[in-house]
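Remarks on the structure that follows.
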Amino acid sequence: MLETIVTRLLHEYPENATQYGVDSGRFAALRAALTNRSAAAETSRARWAGQTLAKLKKVARAGLSADTAMNLDVAQEAFTLAIEGWTFPFGDMAALSGGNSFRNTPYVVTQLSGAFVDIPDLMDSKAIVATPTDAQAYLARVEAYAGELSAEADRIDRDRGLGMVPPDFILDIVLGQMVPAASAPIGEWTLVSALRRKAAAAGLSGRYGNDAERLCRDKVGPAISRQIAALKAVRTDAASSPGIASRPQGGEWYRWALRAATTTTFSPDEIHTQGLEQIAKIQAEMDMLLKAQGLTKGTVGERMTALSTRPDLVFSNDDHGREQLLGYLNGRIADVRSRLPRAFTRLVNGSLVIKRVPPSIQDGAPNGYAAAGSIDGTQPGIYYINLKTTATWPRYSLPTLCYHEGIPGHIWQGEYANRLPLIRTHLAFNAYSEGWGLYAEQLADELGVYDQDPLGRLGYLQSMGFRACRLVVDTGLHAKDWTFDQALSWFHANTGMPMVQLRSEVQRYCAMPGQACGYKVGHNKINMLRLKAQTALGARYDLKRFDDAVVETGNVPLNLLERAIDAYIGKA
């Protein structure tokens, strides 16, 4: 049953087959396919998901192995969340979409989501072109990309009729990405240049690049123009109010989004309060470290703001500075690798490359993000950093980002997930993923990476405080009627992070309500479970074996993570 389910999921969301490196053999046809993003396809998926959930619920767990029971329960939780999300007739329900499962949004297209954001980078970074068959599959995807763009344009029009219109500033960012890209010479488009580069490297005919250019001119270009027209039309209806609650069914949608993002039943008020309590504790620790550096005047946020502009802590905002910054990141990854045998008994390779966010999407992209490599290990994980301006990244803020996105964070955890049955590689939950990312930052601190770097430890605590602030800002925007400027001012006052970075963050929360709350909620749960294990096991507690238990359980809802840790405690 689970194999049948994941086969269907990969056919619904074929990009994942390429991400996982399984688009060969029985899944070879998926190399030439992309997700059908039409409203009709969404309706069909929702119908199938309801039928599947009913089957999952009927399976008796008694007598099954613990692993099989867990796999079934993970699938049941994922399908339950998805079906609840599909009850809303707008936006993009992503809970079953694999690598993008965190990306639920009430809007069809944002600066963070949609075919324009996804597909050119997928084809550039992940598509393998070694044979004529591969090149033909690539071209089939170029044509399918045009279909995705047109389908999204139809849904933008539909949602406009329902009153679900993104904030005006979100639409301005999206149009600011798409319009210049569409007006560039087609031969320079990523879809074309990537195929020409890959085909040349494989010794294939140059005609494939020419075919890609023709498809982009005849089909992709008109589809982008159609989507731009739809976005411009909906822009005439757009308001500047940032919160989802001001839109039809917005309050109900936000409560579902919080459940999906945190896999808990916390209310917006409860999450808001948690954030306020946690930032106060983190700032108290930061205050002591700042005083030790001779920084005694002003709030914690004001002192961190002053620190962030020190010339000796900022890389030059040019190509040379960006190269230096990337080299620094690679050095931090190399250092933490040597420490990981103290945190895990069973190690993975942690294969990764660090890349700049493509400039074509950097205006709307997150500041950093990552995805694990392929299941067979042939393609490394990619850790992206947004280098639109190096002012976003004072030196002390960079180490903890490496540990979150790379090792022992997302790319590290993803390699453990790649060892599980394929359905478990595919199904993912935001609170676990991002909770692990924050726990990875904490582990690096505990492994001594900041023993000779007090400013780096300040950056780590600022990062933790930043995630606590997300609980306040996200719920403030979407449940407490905060304005954009109110959210931005509060964020800046309580983190001291560069304003250009925080503006991008608040825009992100407006495009993807709720998602940012999963980080600290998941982190808190992992630490609660660690304390539970320490208390229960006493002298028998072993950090390495606890970390093994968390990461080898795989990506699960937080209630199922607790079940796994209880089992670990029982066997220890």
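Scaled to the compact-protein estimate 2.2 N^0.38 Å, what is the alpha-carbon radius of gyration of region 453-494, rounded to two decimal places? The partial results should precede the final answer.
Working: Rg = 12.2 Å, N = 42, 2.2 N^0.38 = 9.1 Å.
So region 453-494 has a normalised radius of gyration of 1.34.
Using equal-weight Cα scatterers in the Debye expression, the normalised intensity of region 318-363 in log10 at q = 0.18, 0.32 Å⁻¹ is -0.69, -1.19. Given region 495-546, report the % of alpha carbon pairs whose separation exceeds 12 Å. I get 73 percent for the Cα pairs in region 495-546 exceeding 12 Å.
Rounded to the nearest 0.05, what FRET efficiency do residue 338 and residue 229 have when you use their Cβ-Cβ distance and R0 = 41 Å? Mind dumping the intermediate values first?
On the way: r = 54 Å, r/R0 = 1.32.
FRET efficiency, residue 338 to residue 229: 0.15.
On alpha carbon coordinates alone, what is the Rg over Rh value for region 447-572, Rh being the Kirkwood radius? Value, to two decimals: 1.07. Here region 66-82 and region 184-234 have alpha carbon centers that stand 40 Å from each other. Counted over the chain, the DSSP beta bridges are approximately 55% antiparallel. The share of Cα pairs per 10 Å bin across the chain, counted from zero up to the longest distance, runs 3, 17, 29, 29, 17, 5, 0 percent. When the label point is put 7 Å from the Cα of residue 451 along its Cα-to-beta-carbon vector, which residues of region 332-356 have a backbone N closer than 18 Å? Within reach of a label on residue 451: 332-344.
Calculated [222 nm] ellipticity per residue, helices only, for the chain: -20000 deg cm²/dmol; basis is -39500 (n - 2.57) per DSSP H run with n ≥ 4, divided by all residues, nearest 500.
One compactness figure for region 275-356 is 1.50, namely its Cα radius of gyration divided by 2.2 N^0.38 Å. Given region 254-294 reduced to its alpha-carbon atoms as identical point scatterers, what log10 I(q)/I(0) does the Debye formula return at q = 0.33 Å⁻¹? Scattering profile of region 254-294, log10 relative to I(0): -1.00. Here region 332-470 is treated as a Stokes sphere of Kirkwood radius computed over C-alpha pairs; at 4 °C and 1.567 mPa s its diffusion coefficient rounds to 83 µm²/s.
Pairwise over distinct Cα atoms, reciprocal of the mean inverse distance: report the Kirkwood radius of region 405-475 in Å, one decimal place.
Values: mean 1/r = 0.0738 Å⁻¹.
One over the average 1/r among Cα pairs gives 13.6 Å for region 405-475.
At an R0 of 45 angstrom, the distance between the Cβ atoms of residue 489 and residue 326 translates into a FRET efficiency of 0.90. Cross-link check: pairs 126/198; 281/520; 232/388; 198/355 evaluated at a Cα-Cα cut-off of 22 Å; pairs beyond the cut-off: 232/388. Ranking 186, 86, 108 by Cα position along the charge dipole of region 85-205, where only Lys, Arg, Asp and Glu carry charges on their C-beta atoms, puts 186 farthest toward the positive end. Across region 1-86, Cα-Cα pairs more than 21 Å apart make up 39 percent of the total. Treating r as the C-beta distance of residue 345 and residue 236 and R0 as 45 Å, the FRET efficiency rounds to 0.15. Taken along the Cα-to-beta-carbon direction at a fixed 7 Å, the label points for residue 269 and residue 539 span 4.8 nm.
Using alpha-carbon pairs under 8 Å, 6+ residues apart, how would you state the relative contact order of region 61-141 in percent?
Details: 46 pairs, mean separation 11.6, N = 81.
This gives 14 percent for region 61-141.
Taking the convex hull of the Cα atoms, report for region 310-413 its projected area averaged over all directions, in nm². Please list the in-between numbers first.
On the way: hull surface 28.6 nm².
Here the figure is 7.2 nm², rounded to one decimal.
Placing pseudo-labels 7 Å out from each Cα toward the beta carbon at residue 186 and residue 62 gives an inter-label distance of 6.5 nm. Full extension of the chain segment joining residue 130 with residue 309 gains 59.7 nm, where the gain is 0.36 nm per residue of separation less the Cα-Cα distance.
Over every pair of different alpha-carbon atoms in region 51-176, take the mean of 1/r and invert it; report that Kirkwood radius in Å.
Numbers: mean 1/r = 0.0575 Å⁻¹.
Answer for region 51-176: a Kirkwood hydrodynamic radius of 17.4 Å.
Against the empirical curve 2.2 N^0.38 Å, the C-alpha radius of gyration of region 110-197 lands at a ratio of 1.24. Accessible area per residue for the chain, computed on protein heavy atoms with a 1.4 Å probe, is 37 Å². For region 136-288, the equivalent ellipsoid derived from the Cα gyration tensor has semi-axes of 41, 23, 15 Å, listed largest first.
Pull out a ≥ b ≥ c, the square roots of the eigenvalues of the alpha-carbon gyration tensor of region 178-267, then state rounded if a/c is under 1.5, prolate if not and a/b is larger than b/c, and oblate in the remaining case. Mind showing how you got there, number by number?
Working: a/c = 4.50, a/b = 2.00, b/c = 2.25.
It is oblate, given that a/c is not under 1.5 and a/b is not larger than b/c.
The values are calculated or read from the model by the stated rules, or taken from the named source; none is laboratory data. Given the structure is predicted, the values throughout are model-derived calculations rather than measurements. A quick note on method: Cβ atoms are made from the backbone with ideal geometry, for glycine too, and the neighbour counts reach across all protein chains shown. For the accessible areas, the whole protein counts, side chains as well, though only heavy atoms, and no ligand, DNA or RNA atoms are used. Shrake-Rupley method; radii C 1.70, N 1.55, O 1.52, S 1.80 Å.
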